[in-house]
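What follows is a short report on a single structure.
The values are calculated or read from the model by the stated rules, or taken from the named source; none is laboratory data. This one's a predicted model, so the numbers in the text were calculated from it and none came from an experiment. Ideal geometry is used to build each Cβ from the backbone, glycine not excepted, and the neighbour counts take in all protein chains shown. These accessible areas exclude ligands, DNA and RNA; they are computed on the full protein's heavy atoms, side chains included. Shrake-Rupley method; radii C 1.70, N 1.55, O 1.52, S 1.80 Å.
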Amino acid sequence: MKLTTSSPAILPTVIVRPGESDRILSGHPWVYQGSILRLTQPADNGDLVQVKDHRQRLLGTGFYNSKSKINVRILDSDRIDVDVNFFETRIREALAIRRRHLPKASSFRVINAESDFLSGLIVDKYEDVLVLQTSSLGMDLRKPIITLALKKIFSPRAILERNEMSSRKFEGLAEVQGVLDGENVSEVTVKMNGLKIAVDMTGCHKTGYYLDQQVNYQHVGELAKGANVLDCFSFLGGFGLHASRAGAVHVHGLDQSEVAVSAANKNALLNKVADRCTFEAANVFDWFKQQTTVGPHEKIVPRYDLIILDPPSFTRNRASIPDALRGYKEIHLRALKLLKRGGTLATFCCSHHISATMFQEVILAASFDANRTLRRTATYTQSPDHPVVPSIPETEYLKGFAFEVAR
Ligand code: SAH
């Protein structure tokens, strides 16, 4: 495989079946195996190919991989060279969007794959450390030139690779973690909305942290003035710390991971709010059950002014949607029982397979069972460093609402 292509004209050509080109023309970069009619000449996996419709009209240029269900990941609708300059230009374009929409942020997602027309590539910036994930063979093979482009733009202290995603096997790639450039950094203290959050660069969460909630932390935190807050699935304490800083009377965080709980406690100390924050290692489902199960003549006393629910995705595929919805309903029902009248439920769903409409319906079903009427006061989405491209529905996944208990 050549890292640069001197003459795009000689690229192998993938011809797609009649009727399959509309989706590509509308901007979706994936060409599935089943959409392909034939190849004009053999292509190596990871190579750059051009894609044409059955009338020989050019649809784009992208990376080929016969091992993946997605045979081609288109990078551009034109003929292009994929070299250091290509990556430098794309990364600078993406950076300009972040600077425009998150002007104060020093940690953010620099490249969000399809959202930035670089299918298979994620780059996160944690202050002066960059973390890279490559989920396609074409991108993985080009890590050296991507690293060069990133060095030129950011001069980072380190570029780390966090490629332990099991999904890499679908591209024939092994799970790896390591240093691509610079020093081996194990922890970075991220500055976010004026708070400090120590992030483990070797842990098991995404590339280290949930940068997609950056804007929502701030907005939800602002609802917490004078509030008794419950932060469920608290991880490093993102929501809880923002709530505390905004003037919450007390924040109690719950996470089943002991490691996350001790990191959240450490972050509370770092931000001088430890006297108003407690974090507990508990399974949220069990904890809620315990707190909302009462004897025949007892009543649940609602005691929270703000409850935050930000669970992991309960579903990775369509088949598990019904189970996921049951899980969402259960935590909402129990949370609503613990919320005071006038209190707020700030709730998130990060599964692409569950739409905002489905999510709201499940919350309404829970509110009906809890005998509460809700007033919606805010809707949330992913932070702008995870841009949504409507013609690529997979780019939209995070949705959230704030509901006040009206009655
Ligand atoms: N709200 C966090 C992100 C949550 S990620 C933030 O903004 O940073 C999901 C977290 O939920 C993880 O830390 C994981 O350990 C925790 N978790 C997953 N299932 C859980 C369960 N059943 N009970 C408690 N915590 C759980």
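Quick look at the numbers
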item: Residue 92-residue 379 FRET efficiency (beta carbon distance; Förster radius 25 Å; 0.05 resolution); result: 0.20
item: Evaluated at q = 0.16, 0.25, 0.27, 0.28 Å⁻¹: base-10 log I(q)/I(0), Debye formula over Cα of region 194-250; result: -0.48, -1.00, -1.11, -1.16
item: Dmax and Rg, reported as Rg then Dmax, of region 1-120 (C-alpha, Å); result: 15.4, 49
item: Reciprocal of mean inverse Cα separation for the chain (Kirkwood radius, Å); result: 22.9 Å
item: Proximal charge balance of residue 140 [Cβ under 10 Å; K/R count +1, D/E count -1]; result: +1
item: Unsatisfied cross-links (Cα-Cα over 30 Å) in the set 104/151; 196/329; 104/266; result: 196/329
item: The chain - percent of accessible surface contributed by carbon and sulfur, probe 1.4 Å; result: 52 percent
item: Nonlocal amide H pairs with residue 32, under 5 Å, H built at 1.01 Å; result: 71
item: Summed residue charge, Cβ within 13 Å of residue 66's Cβ, Lys/Arg positive, Asp/Glu negative; result: +1
item: Karplus-derived 3J(HN,Hα), 6.51/-1.76/1.60, for each residue of region 128-141, Hz, glycine and proline x; result: 9, 10, 10, 10, 10, 10, 10, 10, 10, 4, x, 6, 4, 5
item: Alpha-carbon centroid distance for the pair region 84-102 / region 356-376, whole angstrom; result: 40 Å
item: Convex hull of Cα atoms in region 310-407, direction-averaged projection (nm²); result: 6.2 nm²
item: For the chain, built as a Gaussian network whose Cα springs stay under 10 Å, the top-fluctuating residue of 240, 226, 46; result: 226
item: Alpha-carbon centroid distance for the pair region 107-160 / region 189-219, whole angstrom; result: 17 Å
item: Area projected by the alpha carbon convex hull of region 225-280, averaged over all directions, nm²; result: 2.9 nm²
item: Gyration tensor (alpha-carbon) shape descriptor, region 8-76, a/c threshold 1.5; result: rounded
item: Amide proton proximity set for residue 279, modelled H, under 5 Å, gap of 5+; result: 253
item: Theoretical ellipticity at 222 nm over the chain - DSSP helices of four or more residues, -39500 (n - 2.57) apiece, nearest 500; result: -8000 deg cm²/dmol
item: Cα pair count fraction exceeding 25 Å, expressed as % - region 196-308; result: 21 percent
item: Region 338-383: proportion of alpha-carbon pairs further apart than 11 angstrom, %; result: 72 percent
item: For residue 180, residues with placed amide H under 5 Å, excluding near neighbours; result: 159, 160, 161
item: For region 257-363, the Rg and Dmax computed from alpha carbons only, in angstrom; result: 15.8, 45
item: Heavy-atom accessible area order for 101, 352, largest first, 1.4 Å probe; result: 101, 352
item: Percent of alpha-carbon pairs separated by more than 21 Å within region 84-189; result: 30 percent
